[in-house]
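For reference, the structure discussed in these notes is given below.
The values are calculated or read from the model by the stated rules, or taken from the named source; none is laboratory data. Since we're looking at a predicted model, the values are computed, not measured. Glycine also receives a Cβ, built like all others from the backbone with ideal geometry; neighbour counts cover every protein chain displayed.
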Amino acid sequence: MSQNTKGLSLFALTMIAIGSTIGSGIFKTPTDIAKAVPDSTEMILLWVAGGLISLIGALVFAELGSRYSGGGGLYTYLNKTIGPLPAFLYGWSLFTVVSSGTIAALIIVFADYSQKFVPFADEYKPLVAAISVVILTLFNTFGIKSSEWFANISTVLKIVGIYGILIAALFLGTRDIFDTAGAVVVDAAANGGPDYAKAFVGVLWSYTGWHYASFVAGDASNPKRNIPLAMIIGTAVVTLTYVLCNMGYMKVLDTTTIQNSSTLASDAMGKIIPGSEKAVAALIAISVFGCAGLYILATPRIIRQMSVEGIFFKMFAKDHPRFGVPLNAIILQSVISILLIFIWKGFENLYTYVTITEWFFLLLTCIGIFVARTSDEETVAGFKAPLYPILPVIFILVVGWFIYMNALSDDPSAYFGLLIIPVGALFYLVYKKISR
């Protein structure tokens with residue numbers, strides 16, 4: 001079968017790029033970004049910068065996906081380029097920090113928006129979130145078909161919610177977007193000025209997901225043409241969506257209100273259409289709940305693969321005989337998520353904990369492109385990232401700056417996830433020695 005007719009089409013690849021990136025962040029992170037950088041123009045530029053960095057990363061990962069198309073994503077890329085220890089550390093961090101922390105963060109968003117239509121005191125929010133994780137875990141464990149159906153519905157609701165808010169706010173909002181007069185500079189004043197590195201955490205959390213599209217580069221139709229086009233189109237659509245959504249918020253709410261809102265999207269819609277807050281909050285809560293379910297269902301597969309390869313406990317290597325899911329890994333991941341809810345409590349702490357660590361491994365994987373280019377250049381006939389080595393270097397420098405600046409902060413959530421990595425290295429070495 002010819003290269004032009006097999007595999008995923010340009011449209012399918014573009015939908016993967018868009019769908020795997022747009023998530024819950026746009027409903028919440030503009031609040032924290034406005035605290036760190038209260039200037040409207042600078043906020044918009046940060047969202048544009050996040051889109052450009054994501055595009056660069058996607059192009060590099062598209063080449064890695066073309067080279068190593070057997071599946072496994074970052075785990076495979078790291079294993080093939082840098083070695084088994086970094087690959088294990090990615091799986092370890094995915095389980096202990098990235099995926100578990102993402103579930104916890106999403107469920108906190110769910111609890112925040114649930115308060116709009118099921119009122120409860122703020123002190124009960126961690127408990128509500130923990131119970132929600134238990135319910136979602138049971139739902140995904142014992143009803144795979146229904147969880148898949150629910151995930152599809154929640155994805156549709158998420159897209160409807162984002163574009164509904166965007167269109168309504170842009171057309172019905174009456175404020176001057178770039179008017180920041182009277183803004184309460186919450187965090188920026190305490191740090192002697194705008195904190196771009198801190199604001200970038202929320203931006204990159206919202207853009208995280210673009211790398212999932214590159215995982216299917218080996219299954220693409222005409223990859224030399226369609227992979228870069230899908231990445232460019234997909235990232236451009238996501239960037240435009242995020243920029244317009246933020247402009248919509250600014251057309252409805254002043255900067256001070258944005259800085260102090262815990263349910264930004266429903267607050268904005270309530271300002272435009274009085275009485276719509278509860279309906280919008282319910283729509284967002286359901287979409288975020290379903291998004292968390294995808295992580296509960298998907299990530300334990302990597303832990304199962306690590307266990308099959310003998311680098312993690314054997315009890316996580318088998319699927320449940322009746323339900324066909326890696327039940328032990330799912331339960332452990334959910335337990336860790338619940339612990340993280342009570343440890344970090346707030347949404348900002350959780351996504352900071354996750355984002356710094358996840359982008360560290362994105363940076364490490366990007367470094368692997370240099371190894372790949374020098375080790376097996378002659379074996380590759382698929383897609384190659386343009387402007388090599390300029391684009392990978394830009395990605396490494398920007399993401400390296402972002403991680404370094406946040407790791408130096410006095411916020412434990414900014415560096416604690418990175419401290420889990422050497423613990424994983426110690427576990428790896430000890431476990432390998434014992435298992436021999």
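Worth pointing out:
- Members of the stretch 125-161 found to be modelled with pLDDT of 85 or more and within 23 Å of Ala279 (Cβ to Cβ), listed by number: Lys125, Val128, Ala129, Ser132, Ile135, Leu136
- Out of Val399, Val371, sole residue that is buried (at least 21 other Cβ atoms within 10 Å of the Cβ) and touching a residue at least 60 places away in the same chain (Cβ under 8 Å): Val399
- Neighbours by Cβ (under 7 Å, 6+ apart or cross-chain): first from the stretch 338-353, touching a residue at least 24 places away in the same chain (Cβ under 8 Å); second surrounded by fewer than 22 Cβ atoms within 10 Å (Cβ to Cβ) and of a type in the set (Gly, Ala, Ser): Ile338/Ala130; Ile341/Ala130
- So Tyr404, is it among the hydroxyl-bearing types (Ser, Thr, Tyr) and in a helix (DSSP H, G or I): yes
- Top-ranked residue of the stretch 244-278 - restricted to ones that are in a loop (DSSP other than H, G, I, E, B) and in contact (Cβ under 8 Å) with a residue 40 or more places away in the chain, ranked as surrounded by the fewest Cβ atoms within 10 Å (Cβ to Cβ): Ile273
- The sole residue among Ile331, Ile338, Ile286 that is within 23 Å of the chain's Cα centre (by Cα), surrounded by fewer than 19 Cβ atoms within 10 Å (Cβ to Cβ), at pLDDT 80 or above and of a type in the set (A, V, I, L, M) is Ile331.
- Tabulated pairs, the stretch 115-126, first under 19 Å from Ile338 (Cβ atoms), second of a type in the set (Gly, Ala, Ser) and modelled with pLDDT of 90 or more, C-beta under 7 angstrom, 6+ apart or interchain: Lys125/Ala111
- Single unsatisfied condition, Trp344 versus (1) surrounded by fewer than 23 Cβ atoms within 10 Å (Cβ to Cβ); (2) more than 30 Å from Ser66 (Cα to Cα): (1)
- Residue among Lys345, Lys318 that alone is modelled with pLDDT under 85, among the basic types (Lys, Arg) and within 23 Å of Val109 (Cβ to Cβ): Lys345
- Taking (1) buried (at least 17 other Cβ atoms within 10 Å of the Cβ); (2) of a type outside the set (A, V, I, L, M); (3) farther than 29 Å from Gly51 by Cβ in turn, Gly417 satisfies each apart from (3).
- Test: residue in the stretch 192-209 that is modelled with pLDDT under 70 and either assigned to a helix (DSSP H, G or I) or not basic (Lys, Arg) (or both): yes
- Helices (runs of 4 or more DSSP H) wholly inside the stretch 12-114 containing at least 3 residues that are under 15 Å from Thr208 (Cα atoms) and within 19 Å of the chain's Cα centre (by Cα): 25-36, 40-67, 99-114
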